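A short worksheet on the structure shown next.
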Amino acid sequence: MEGKFGEFGGQYVPETLMNAVQELDKAYNHYKNDPEFIKELDDLYKNYAGRPSNLYYAEKMTKDLGGAKIYLKREDLNHTGSHKINNVLGQILLAKKMGKTRVIAETGAGQHGVATATGAALMGMECEIFMGRLDTERQALNVFRMELLGAKVHPVDSGTATLKDAVNEAMREWTKRVDDTLYVLGSVMGPHPFPTIVRDFQKIIGKEIKEQILEREGRLPDAVLACVGGGSNAMGAFYEFIPDESVQLIGCEAAGLGADTPKTAATIATGTKGIFHGMKSLFCQDKYGQIAPVYSISAGLDYPGIGPEHAMLHETGRAQYVPITDDEAVEAFEYLSRTEGIIPAIESSHAVAYAMKMAPKMDKDKIIVINISGRGDKDVAAIARYRGVNIYD
Amino acid sequence: MTRISEAFKNGKAFIAFITGGDPDLETTEKLLYTMSEAGADIIEIGIPFSDPIAEGPVIQAASHRALEAGCTTDKLFDLVKKVRKKIDTPIVFMTYINPVYTYGKDKFMSKCNEVGIDGIIVPDLPYEEKGELAPECDKYGVDLISLIAPTSHERISMIAKEAKGFVYCVSSLGVTGVRTEITTDVGAMTKLVRENTDVPCAIGFGISTPEQAADMAQHADGVIVGSAIVRIVGENGRDSIEPVREYVKSMKAALN
């Protein structure tokens, strides 16, 4: 069935939104094959976002770890500093074709919010961003960036005042004003068609990795690693490799203080099946289906669910998901900065951390690709605080 | 004849919503008796959910209070079982799909049947996904109540044709909550419903005053009021019994 990934996915939204999601589905199915649309989006990717992003051989890191060869997919070099721009440019261009004049979005770390505000500024759209109050505090710089780009930022106080609450509020806002507005969802989650649309706009990451690694190494990598919150950068990096069974796909979840503690956001490690935010998938929740107040140092991975296609890849065993703690992620953040002169986002650092565990155990002729989904400038103040240094954002 | 269809035989129906366990289960129990005595024709009990995406601030806050006070689905089943011995008013649950799905769909509906729940309203279960619960609802005789919205347009006839219990007409865009004005052409919505089904039609979202209720009742078989009652409970806590009684009486009186 359309919009289903095995038993996961679906379209569990209030009746008020049904015509809107169906209209989006119809428009997407039309424009994804429209040569004009494809050409415009390609042009934006190339000339505005700066694609293709580099695939960088991390030689020092490789030598230091003493095992598999490590390549970094540099999504952090995209305009706005993360992979989020790939999806946003696609969705806002689509919104424009649909005659919408206003976009709304949720954001966790602020990367999707900044990308949406950027796309909206470029394409002349009104833009409102919903962000958990706690996240506006830990990512204060991004709030100002969004405002600078002309967006209105609404801090969300309900629930845990983090990413899931920002999604709740963005959905509520969409039911209030649906005619002229598109909800630009930032990850491979939510009701159909969002998981498909976002994956399709992100799959360029894996497509480029494949071309670039074939050119450099003449063969496919042995493993592709990416961090997973909702899962958009991972889905984008994995998708092209799903048929290539020799390529191990590894999603790195935010374990917070540990997957065996309540202060975690590791959905695959600790979650159970549920239906929330429009989709059937896996969620951190109690036995009554109350969504758990999850925790991670990374605002972008601090989400109690995971996209439905990831839930399927986990169930079928095609991808593996591993929990990475705050401590491990912070160490990886510092390690990559020191070793390669690349400051990765704290989100992406979760994937770097797993590579640091995995690479030394692998032969030197093996190849790992880590998707560096974003840059870490936004995290510098938070990491300083983590290390007990107080600096201003 | 089910208890729900019976409830629409007594003039225009007044359907009253409270959040279960807000501020505590004892107060909820008293409120159920009180609302029934005061003339509520159907009572909706909201099973509190951590992330109620269709609710405005008033019911969000009530859900939060109830969960903080330790309310659970099992405690509400026990409460309904107890209350059912004393009142015959139809009772429907209002909750989100996740608490039902996670509890176990079969177990949930079987419990509904056992304790005397007549129907269930699930705002995040649209027509296309109702197969998620419909088989279990049918198996245990629990009406799965359909919603239509101001954006439903051509979807109304499809939804109405398969409606059970009553059709819940959402009066306005957005989330639940008191509104000073309802601008949707609800008459046009309910007319389309009636062309497609004999199941009664009730209007909810935004209604708080007797005047609004009387006005909306011209277009439907009943009106649903949630946030206005929940607000009284929020402001008065355990002392909300008498103010809720007066409010329900005034609303029922305005309808007929």
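The values are calculated or read from the model by the stated rules, or taken from the named source; none is laboratory data. Quick caveat, the model's predicted, so the values are computed rather than measured. With ideal geometry, Cβ positions are generated from the backbone for all residues, glycine too; neighbour counts draw on all protein chains shown. Remember, those area values only see protein heavy atoms, side chains included, never the ligands or the DNA or RNA. Shrake-Rupley method; radii C 1.70, N 1.55, O 1.52, S 1.80 Å.
So, with +1 on the Cβ of K and R and -1 on the Cβ of D and E, and no other charges, what is the size of the charge dipole of the stretch A:332-393 about its Cα centre, to the nearest 20 debye?
Once rounded to the nearest 20, the dipole reads 180 debye.
Remind me, relative contact order of the stretch B:3-255 in percent, using alpha carbon pairs under 8 angstrom and six or more residues apart?
Rounded, it is 24 percent for the stretch B:3-255.
If you roll a 1.4 Å probe over chain A with all protein chains in place, what percent of the accessible area is carbon or sulfur?
51
Under the definition of partner shielding as Cβ atoms of other protein chains within 10 Å of a residue Cβ, what is the mean value for peptide A:272-279?
For this peptide, the per-residue mean of nearby foreign Cβ atoms is 5.
Looking at the protein assembly as shown, send over the antiparallel percent of its DSSP beta bridges, to the nearest 5.
Of all bridge pairs located within the protein assembly as shown, approximately 20 percent are antiparallel.
Could you state the accessible area per residue of the stretch A:280-344 in Å², with a 1.4 Å probe and every protein chain left in place?
About 31 Å² of surface per residue is accessible.
What net charge is computed for the residues neighbouring A:His350, neighbours being all others with C-beta under 9 Å from the C-beta of A:His350, Lys and Arg scored +1, Asp and Glu -1?
The answer is -3.
For the stretch A:75-99, list residues with backbone N below 16 Å from a point placed 7 Å from the Cα of A:Asp377 toward its Cβ?
Residues A:75-85 qualify, since their backbone N sits under 16 Å from the label point.
Within the stretch A:171-208, whose backbone N sits under 15 Å from a point 7 Å along Cα→Cβ of A:Tyr57?
Zone members listed by number: none at all.
Which of the GluC sites (Glu not before Pro) found in the stretch B:119-192 are loop residues per DSSP with 12 or fewer other Cβ atoms within 10 Å of their Cβ?
B:Glu181
I'd like the distance separating the alpha-carbon centroids of the stretch A:315-379 and the stretch A:56-74, in whole Å.
11
Let me spell out the model: positive unit charges on the Cβ of Lys and Arg, negative unit charges on the Cβ of Asp and Glu, origin at the Cα centre of the stretch B:3-255. What dipole size does that give, in debye rounded to 20?
480
Could you work out how much longer the chain between A:Asn390 and A:Lys46 gets when fully extended? Use 0.36 nm per residue separation minus the Cα distance between them, nm to one decimal.
Result for the pair: 119.9 nm of gain on full extension.
For chain A, what is the calculated [θ] at 222 nm in deg cm²/dmol (nearest 500), taking -39500 (n - 2.57) for each run of four or more DSSP H residues and dividing by its residue count?
-12500 deg cm²/dmol
Sort out the exposed loop GluC sites (Glu not before Pro) in chain A (DSSP loop, at most 12 other Cβ within 10 Å) and tell me the longest stretch that has none.
A:3-244
Kirkwood Rh, Cα Rg: Rg to Rh for chain A?
0.94
From Cα pairs below 8 angstrom and at least 6 apart in sequence, can you work out the relative contact order of chain A, rounded to a whole percent?
21
What residues qualify as long-range amide H neighbours of A:His192, i.e. H under 5 Å apart, gap of 5 or more or another chain, H built at 1.01 Å from N?
A:Gly10, A:Gln11, A:Tyr12
Quick one: length gained pulling B:Asn236 to B:Tyr33 fully straight, 0.36 nm per residue minus the C-alpha distance?
The B:Asn236-B:Tyr33 span can extend by a further 71.3 nm.
Which distance in nm do the two modelled labels at A:Lys361 and B:Asn196 give, with both placed 7 Å along the Cα-to-Cβ direction?
Calculated label separation equals 5.6 nm.
For the stretch A:24-30, just list the computed ³J(HN,Hα) in residue order, Karplus coefficients 6.51, -1.76 and 1.60, θ = phi - 60°, integers in Hz, with x standing in for Gly and Pro.
Per residue, the Karplus-derived 3J(HN,Hα) values read 5, 4, 5, 5, 5, 4, 6 Hz.
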